[in-house]
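Here's the structure we're looking at; comments come further down.
Values in this text are rule-based calculations from the coordinates and carry no lab data. Everything numeric here is computed off the predicted structure, so don't read it as measured data. Heads up, the Cβs are rebuilt from the backbone with ideal geometry, glycines too, and the neighbour counts pull from every protein chain shown.
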Amino acid sequence: MKSKTIHLLHLTGLTWAVPFVRLFTGDDAKEQLLQIWRLVGMPAAAILGFLLFWQLAAQQINTSLGTLPGPYQVSQQAGVLWKEHWVERKKATEFYARQDARIASIKAANPAANTKKMTYTGKPTYLDQILTSLKTVFVGFLFASFLALPIGVICGANKNIMTALNPIIQVLKPVSPLAWLPIVTMIVSAVYVGNNGVLSKSFIISAVTVAMCSLWATLINTAVGVASVNKDYLNVAQVLQLSPSKRIFKVVLPATLPMIFTGLRITLGVGWMVLIAAEMMAQNPGLGKFIWDEFQNGSSDSIARIMVAVLTIGVIGYALDRLMVSLQKLVSFE
C-alpha cells in the first residue's frame, strides 16, 4: 500500500507529499523531516519572502491609477471577481426560471402555442473567461498535435524529406504570434463566412494562431525521436515482415513516445503563453481580453485585477505542465 501510494504521488507530480507518507509509515523521522523542509519548507519560505518583497516594493511605486497594489489588494480583487461570478450565475438562474414559468403559462393557456427558449446573454464572468481560454488552448493544442505528429513521423523516417523541409521549419518556427495573427485572421475570415456556427470566428482565429506558434516543438521532437529509434527494433520488424503501418504503430511510435510527450509538453506551454497575446488581438473572450479590457478601463482596481489574471495564468500554466509531466511518466521507460 505504501509503495503504491508513493508511486501514485510521483506519477501525479505530488513528490513533495512523499516524505509525509514515509514519516507516517515509520521511516526515519530525521531524514523525512529534512526532506519536508527541503521540498515544502524552503519553497514556502521563498514564497513568503517574495510576497513580503512585493508588498514593500509596491508601496514605493506610484502609477497614474495610484499606488501599485500589493498581495492583500490583489487577493481582495480575486474575492470580488469570485463574487461577481456567482452574482451573474444567480441572474442567469433567475432568468431561466422566469422564462420556464412564462412558457409553462403560455402552454397552459394554449398547448399548441409555439414557444422558443432564449439564451441568457449576460456578460462573461472571470471564471467563464478562464474556461474559454482553456478551451481555446486545448483546441489549438490538438490542432497543432494533429499537424505536427504525422509530419514529424514522416520527417524522422525519411532523411531526404527532413532535409527538404528543415529550412521551412527553421524559418517559420521563430515567427511571433503577433505576425501570424493578421494572416490567420484574413484566411479564417475568407473561409469561415458568417459567425453563426458552433465556434465563433474569434475563437477559431485564436486557436489556429496558438497552433501555428506551438506545433514546432512536437514536430521536431517527433522527427528526432523517430530518426533515433534503435536499429535493432527496425531489423526485428523487418525480419517479422511487418507492414509499414504496423512498423510505425507497433515499433516506431512506442519507442518514440517519451520524446513525443516532451515535445507535447513544450507545445502546450508555448501555446498557453501565445494564447494571451492572441486573445488580446483577436478580442476573443478569455484571459487575454480580460487583461486588455481592464487596461482600457483604467479604474483604480484595474491593476489589481490584471495582477489576479497574471497569477491565474501562471498557476494554470504550472498545472498544465504538471499534467503533461504525469502523462509523460506514464509512457516513460523508467
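Quick rundown of the values:
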| item | result |
| --- | --- |
| Alpha-carbon Debye profile of the chain, log10 I(q)/I(0) at 0.09, 0.10, 0.11, 0.12 Å⁻¹ | -0.74, -0.87, -1.00, -1.10 |
| GNM result for the chain, Cα springs below 10 Å: residue of A108, A46, A278 fluctuating most strongly | A108 |
| Among Q73, Q99, Q55, residue whose mean-square fluctuation peaks in a GNM of the chain (springs only between Cα atoms under 10 Å) | Q99 |
| Counted charge near Q73, where neighbours are those whose Cβ lies closer than 11 Å (Asp, Glu -1; Lys, Arg +1) | 0 |
| Aspartates and glutamates with Cα under 17 Å of K91, excluding same-chain neighbours fewer than 8 positions away | D100, D128 |
| Estimated FRET transfer efficiency when R0 is 22 angstrom, pair Q241-H7 (beta carbons, to 0.05) | 0.05 |
| Spacing of the two label points (7 Å from each Cα toward its C-beta) at A45 and Q283, in nm | 5.1 |
| Computed helical MRE - 222 nm, the chain, DSSP H runs ≥ 4 contributing -39500 (n - 2.57), nearest 500 | -25500 deg cm²/dmol |
| Set of lysines near K329 by C-alpha distance (under 26 Å), chain-local residues within fewer than 8 positions excluded | K2, K4, K135, K231, K246, K250 |
| Of Q35, Q59, Q241, the one that fluctuates the most in a GNM where the chain has Cα springs shorter than 10 Å | Q241 |
